[in-house]
Amino acid sequence: MLRSRFLRRYSRAEENARAAIEKYRGTLEIAFVQNDYLTGEPKPCMGGWGRSYMCINPAGEVMPCHAASVIPGLRFETVRDSALGDIWRDSPAMNAFRGDDWMMEPCRTCPRKEIDFGGCRCQALLLTGDAAATDPVCSLAPAHLIVESALAGTNSSDAVSQPVHASSFVQLQQLSSELWSYRMNPD
């Protein structure tokens, strides 16, 4: 029942997003990311870390996804200092989660590792505190209860009927302040 209520709300949100994508095609790019919480199987974040996608931010840093800068300890090389091809092939940050050498169990021996490539590293970091952890969306992840609890809370009648107070967002920012770094000026 709870999952079906969430699925109905999610379906409406996806319909609205797809309508907006069509309406604004050519004038505004809207990226709609399908939710992986419903399936119990992580999706291949950006097609797998450093497999087919790169993002170059305004500072010239080359990243395997738009949010990768939240992962502590990774230094992203810039196109100002190195050739893009060299960064793609040789950058420690671009290679940090490529392949499966970095994977822990249950990912390392999972037959889905060639499908989901371990899931989202940023999501793993933000939910578990460890970017190399099994993506908690995975039903086999040791931390999967985090996702199940979030879904249960989202789907409860209390969560639907009660407004979210601004203090909740402040608390979230305080809890994640060590993980997120915001850059106002890329120089």
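What to note about this one:
- Solvent-accessible surface of region 1-159, averaged per residue with a 1.4 angstrom probe and all protein chains in place: 56 square angstrom.
- Integer Hz, Karplus 6.51/-1.76/1.60 couplings in order for region 125-138, x for Gly and Pro: 4, 5, 8, 10, x, 9, 5, 8, 5, 4, 3, x, 5, 4
- Directionally averaged projected area (convex hull, Cα atoms, region 6-109), nm²: 9.0 nm²
- Euclidean distance of C-alpha centroids, region 50-71 and region 99-114, integer Å: 22 Å
- Near residue 15, once Lys and Arg are set to +1 and Asp and Glu to -1 for all other residues with Cβ below 15 Å from its Cβ, the sum equals +3.
The values are calculated or read from the model by the stated rules, or taken from the named source; none is laboratory data. On a predicted model such as this, the values are computed, not experimentally measured, just so you know. As a convention, Cβ positions derive from the backbone with ideal geometry for all residues, glycine included, and neighbour counts pool all protein chains shown. Protein only, heavy atoms only, side chains kept; ligands, DNA and RNA dropped before computing areas. Shrake-Rupley method; radii C 1.70, N 1.55, O 1.52, S 1.80 Å.
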